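Novice: Please find one structure pasted underneath; my questions will follow.
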Amino acid sequence: MNKQELTKVIAKGAKVTNAEAESVIKAFLGAVMETLKKGNKVQLVGFGSFCTVKRAARKGVNPKTKKAINIPAKKVAKFVPGKELKELVAKGK
């Protein structure tokens, strides 16, 4: 599902226009990104949590030249699914 499809599903479910649903999605994503940028966690009970984690520096290989390279440490966004989401996905198999 892409953003446009998600917008249509939310608009139908909430009985609002596609424009209103898109506005809500943009606001939600903006709030999540701003919270993660500040180093805080977004926790949606049952669904999951968005957080930032530090990825350690490591060695890698340039696929073109096959030469060893150093990949620096950095922060990355991470999503951890909640219990209800895990169970829902497991039942879908």
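Novice: Can you work out which of the residues in the range 30-41 that are of a type outside the set (S, T, N, Q) and open to solvent by 70 Å² or more (accessible area, probe 1.4 Å) is nearest to residue 2 (Cα to Cα)?
Specialist: So the residue we want is 33.
Novice: Here's a follow-up. Mind listing whichever residues of the range 73-93 are aliphatic (A, V, I, L, M) and either surrounded by 12 or more Cβ atoms within 10 Å (Cβ to Cβ) or in a loop (DSSP other than H, G, I, E, B) (or both)?
Specialist: 73, 77, 80, 85, 88
Novice: Only one of (1) closer than 24 Å to residue 78 by Cβ; (2) open to solvent by less than 60 Å² (accessible area, probe 1.4 Å) fails for residue 21. Which number is that?
Specialist: (1)
Novice: Here's something else I'd like to know. Residue 52 versus (1) out of contact with any Leu (no Cβ under 7 Å at 6 or more places or on another chain); (2) part of a strand (DSSP E or B); (3) open to solvent by less than 90 Å² (accessible area, probe 1.4 Å): which is the lone unmet condition?
Specialist: That leaves (1) as the condition not met.
Novice: Could you count how many residues in the range 62-72 are part of a strand (DSSP E or B) and either open to solvent by 100 Å² or more (accessible area, probe 1.4 Å) or out of contact with any Lys or Arg (no Cβ under 7 Å at 6 or more places or on another chain) (or both)?
Specialist: 2
The values are calculated or read from the model by the stated rules, or taken from the named source; none is laboratory data. All of these numbers come straight from a predicted model, not from anything done at the bench. We place every Cβ from the backbone using ideal geometry, glycine too, and count neighbours over all the protein chains shown. These accessible areas exclude ligands, DNA and RNA; they are computed on the full protein's heavy atoms, side chains included. Shrake-Rupley method; radii C 1.70, N 1.55, O 1.52, S 1.80 Å.
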